1. With a cut-off of 8 Å between alpha carbons and a minimum separation of six or more residues, what is the relative contact order of the range 1-142 in percent?
2. Rounded to the nearest 500, what is the 222 nm mean residue ellipticity of the chain from helices alone, with -39500 (n - 2.57) per DSSP H run of 4+ residues and division by all residues?
3. With θ set to phi - 60°, apply the Karplus curve 6.51 cos²θ - 1.76 cosθ + 1.60 along the range 132-142 and write out the HN-Hα couplings as whole Hz, x wherever there is a Gly or Pro.
4. Output the antiparallel fraction of DSSP beta bridges having both residues in the chain, as a percent to the nearest 5.
5. Would you mind computing, in nm to one decimal, how far apart the modelled labels at Ala28 and Glu4 are, each placed 7 Å from Cα along Cα→Cβ?
6. Using a basic spin-label model with each label point 7 Å from the Cα along Cα→Cβ, how many nm lie between Glu36 and Ala66?
7. Just to be sure I understand: with springs between alpha-carbon atoms less than 10 Å apart, which residue in Leu21, Leu106, Leu60 has the highest mean-square fluctuation in the Gaussian network model of the chain?
8. Heavy atoms of the protein only, probe of 1.4 Å, neighbouring chains included. What is the accessible area of Ser110 in Å², nearest 10?
Amino acid sequence: MSIEGTRQAYGRRAAEYAARLGEVELLAPADRRTIETWADGVTGPILDLGCGPGQWAAHLAGRGHAVTGWDPVPAFVEATRARGVPARTGQVADLSGTPGAWGGILAWYSLIHLEPAAMPAALADLHGALKPGGQLLLGFFDISSSAEPFDHAVTRAYAWPCDVLAGMAAEAGFRIEQEERRTDPGARPHAAIHARRP
Ligand SMILES: C[S@@+](CC[C@H](N)C(=O)[O-])C[C@H]1O[C@@H](n2cnc3c(N)ncnc32)[C@H](O)[C@@H]1O
């Protein structure tokens, strides 16, 4: 799926997405703890890449972090700004324009729509956009064998084996600090990778 296709698919359903998932209180408490703890350990500005309607960006800003949201979907950028968080249209490929800029990048379920072949370049862009010592938190759908597409509610998405994605991040130069896997009742398996630019 091209970024234009993803942009259009989310653009059509931005209001529905915001109503279902656009408040931190609607989301898994374990995710909230993971993201809060991660952000508390970041030094410097945080980019919420693929911020959607801005619920995590606003939550972290409310906890005193300097957060900016980027999303390819203009309606999500507007929703994030409406929460008082600076935001702009942007996608992972635009990170090459902010080399060494970020103390932390939260990519929470925002790389799930990339074709697997695009993932190494995306991880390299993430690495290059972080300051030395900067931290990446990736959230995504977990699967046991190899990256596989599935029928995501909005547009085609891929689930990744946590160890495969962690290996690709290491290839891009990241030090992997933590891997989390969890399956909540009625939900697809979840995984998160905490990684650092050495
Ligand atoms: C499943 S939503 C997650 C949104 C938000 N991070 C959250 O946790 O609710 C995926 C988001 O990634 C964005 N996205 C899709 N492709 C992207 C890309 N190549 N770079 C950055 N964001 C992207 C979408 O516009 C959408 O807002």
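1. On the way: 247 pairs, mean separation 33.6, N = 142.
The value is 24 percent.
2. Working: 7 runs with 68 residues, N = 198.
Roughly -10000 deg cm²/dmol at 222 nm, from the helical runs in the chain.
3. So the J values, rounded to whole Hz, are x, x, x, 10, 10, 10, 9, x, 6, 7, 8.
4. Numbers: 17 of 34 bridges.
Bridges in the chain are about 50 percent antiparallel.
5. Going by the 7 Å Cα→Cβ label model, 3.5 nm.
6. 2.4 nm
7. Fluctuation is largest for Leu21.
8. 30 Å²
The values are calculated or read from the model by the stated rules, or taken from the named source; none is laboratory data. Computed from a predicted model, the values in this text were never measured in an experiment. Every residue, glycine among them, receives a Cβ derived from its backbone with ideal geometry; neighbour counts consider all protein chains shown. We work out accessible area using only protein heavy atoms, side chains counted, and drop any ligands, DNA or RNA first. Shrake-Rupley method; radii C 1.70, N 1.55, O 1.52, S 1.80 Å.
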